[in-house]
Amino acid sequence: MIRSLSLKNYGKFPDRRFEFDQITVFCGPNEAGKTTIFDALRQALCSIDGRRDRKKSSMLHERYGEDRSAEIETDGERPGLISIDEFDGFFAIRGGDVRYDISDDAGWMQKVKSRLFSGGIDHARLIKILNDLAGDNLTLRHNREIKELEEELRVLTERLNKDKNERRDILGREQALHDLKKEIDLRREELSKAQIKSEELKMRCAAQDEARQRRRLEEASLLIAEAEKMEKEIEESVDFADEQSLVEFDCCKEDEDRLAGQVARMEGQREELLEKAEKIDAEKRDACRQAAEARQVVGTAGRILGDMALFMERSSRPEGIRRDMGLLIAGATMIILGATLAVALPGMMSKGVAAVACAALGVACFVFSRKDKRTFRSNGEADDVARFRDDWINSVPGAAPVVETMGGLQEFILGRKIEAQKAAGLPAAIEEREREDRARIKDLETEIRRARESCIKAKEKKESWLVRHKVKSRDDFVRQAAVRRQLIEQRKSNAEKTGRLCVEMQVSGIRQLQFEVRRRLADFDQRDVARAPMPEPDVRKLRHDAGAAEDHVKTIQSAINQLQLKHEGDRKLMIGSLGGIPGRILDDERRMAGINRELERRRLDKRAAALAATLFGGVEENAGKALKDLGRTMAVELEIALGHGRKVEIGRLAEKDVRVEDASGKERKLDLLSGGTRDCFVLAARIALAKKAGWENGVLVFDEPFHSLDDDRRRGVLTMLARCRSETHWQMVFFTKDQELAGAIKAAFSGIGVKLNPLDPTARG
């Protein structure tokens, strides 16, 4: 369906777009542009086919100019293009086309037949003319011309036969020329075979050359592909370009090994300290047990010594005063020194101080040198010693003292007490050693943890280096670096080879070389060139055979040239004897051929005229049959247009056989009815013809077709058009200057989309 019509430089519309719907109405007075829109729509829907279409198209050019355009926009498939005559005759119904007009010389139905079924030609007159053309009446010019051509042909035939007889007598020597010509033909056949063989050998040589070129190109393609692959591998192995980074890996590995060894040593030291701590712990347990026993010995010894001291205090008596000789000698010495200093030192103050100090020290020595001397007395000393010894033995298990005196026993017990005191202090010393070892173990664990962290960091750094360089080990990096160096060396070698190829193929770079190689290989693939050339000895033999074949061709060609020279010489001698006879024969034969062609053409024209008369007779008969079928459709459309149940009878599509009920119910012939009724009949006939013609996605255009109809007839005709729209689904376009008719059209098609486009005669664009 047409959605819009866009006009540019079309009459009064320099640039205008009109919207369309299923029913579109253009309403406006005269000079508003209705005819312009009608012509633009016809231009967009019609193709130029035939002389009459071109004539109407030229009329549009004269009316609207060359620089114009009319384009339609559809929502799906656009209507198929039809000729302008078909559009005007069937689908564009204008006010003048619905007039019922009967002239004196022909009936209206005959005009319909001529217009619709034979392009406006009168069948009866045409058939008569064609029969005259097909006859032998000499009053017609073409028959007289045929007679003249036949006479001229007879004269030429007689003269030609005479010349040929004379030429036959002269050409008695033609057999020798014929034999020579036959020999030349044989030689030419031999030459042709030799040339075919030579060309075949040349083609085989060329094929081998191309096969060798193809192999070289394939090798070049592999070399380029290898270079690209190598370049890509070199780009991918850029991480292995800096071999100095191995120093970083070696440092990380050395740090890791050093820290791992340090951790192992410290862990060994820790194990030794832990073993030592276990031994100290066992020693500590023994020392604690011994210390407990020693504390018991110390307590027993203290008790027994206290008892012995108390016993001896009660049993002893003073014996006199005793002096310590050392202190006495020191005191005397200090007094003498003070006297000497008092004499020797200058000054009274110093003398007095020195004398007083030395005197005080001497007195002190005399005082502290005194000791009281007591004497132990006991009548049963052995029993007392035995009693204290038994008490010791009962309290402290072990060896019994062997002393017999109280002093000896006292010294023995005091010695054991001192030993026990030492043993009691042994756990504290062991604990001090244990604390030192535990502190050392703790320090070692801290150092081990730090060393392990450093080792882990060194290992992570090493792993990061491996990940960064995408290798698994240092040896892998070294191998990849060696591979990169090898690739770089190979790239240099390949660059030299590709450089030579670039020079050979006259290109300036590897990309152009690659493109040229691919282009030539594609050309070889397209021409199906062999991929493997023959062995070199076979190629040399093939070239030798090709050269021999070419020499043979030249030999045969030389012989043919000599034979041709002899043939031409003999022929010239023979032709000189003929004079102008061959030329006259040739001219007469050409003239006879032209006359025969002209006669055949004119005789064909006569046969075509007879055949056309027969065909147009069939067209006349078929047109009558088609109009008879069309009459039934026209009767239905006319009954709807007239309304009020009025009957229409069309027995045969001719004026005298069309009967319509008038307003009083009486049947009348068509020419006896009112003008509006006859115009309704014509409009119904046009609608019926449009239905029979058919147009896929077609459009019906009405240009003021109702101006002679009253309101009642308009309603009937609109009802007929609504029914036609429901049957064919054609899009309909109306042009009118009657506002009331535009409203009636909108009301008649209210069930579907109606687009009203008012036109203003004063507006432009």
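The values are calculated or read from the model by the stated rules, or taken from the named source; none is laboratory data. Just so it is clear, the structure is predicted and the values come from calculations on it, not from any experiment. Cβ sites come from the backbone with ideal geometry, for glycine too, and all protein chains shown count toward neighbours. Accessible surface is based on the protein model in full, side chains and every heavy atom, while ligands, DNA and RNA are left aside. Shrake-Rupley method; radii C 1.70, N 1.55, O 1.52, S 1.80 Å.
Counting only other residues whose beta carbon sits under 9 Å from that of P582, what net charge do I get with K and R as +1, D and E as -1? Taking every Cβ under 9 Å from that of P582, the sum is +1. Three principal axis extents describe the C-alpha atoms of region 466-534; from largest down they are 53, 26, 25 Å. In the full protein context, region 410-451 carries 65 Å² of accessible surface per residue, based on a 1.4 Å probe and ignoring ligands, DNA and RNA. For region 512-575, trypsin sites (Lys or Arg not before Pro) are listed when DSSP marks them as loop and at most 14 other Cβ atoms sit within 10 Å of their Cβ; the list is R527, R531. Heavy-atom surface analysis with a 1.4 Å probe gives region 417-576 a carbon and sulfur content of 51 percent of its accessible area. For region 256-263, putting each phi into the Karplus relation 6.51 cos²θ - 1.76 cosθ + 1.60 with θ = phi - 60° gives couplings of 5, 5, 4, 5, 5, x, 4, 4 Hz, in residue order, rounded to whole numbers and with x for Gly and Pro.
State whether region 1-82 is rounded, prolate or oblate according to the following rule on the C-alpha gyration tensor (a ≥ b ≥ c being the square roots of its eigenvalues): a/c under 1.5 gives rounded; otherwise a/b larger than b/c gives prolate, and the remaining case gives oblate. Verdict is oblate for region 1-82. Taken over region 136-216, the ratio of Cα radius of gyration to 2.2 N^0.38 Å equals 2.48. Per residue, region 4-51 exposes 39 Å² of solvent-accessible protein surface, assessed with a 1.4 angstrom probe and all protein chains in place.
Shown for region 252-308: the carbon plus sulfur share of the solvent-accessible area, taken with all protein chains present and a 1.4 angstrom probe, equals 46%.
Note that region 691-765 shows a convex hull volume over its alpha carbon atoms of 121 Å³ per residue.
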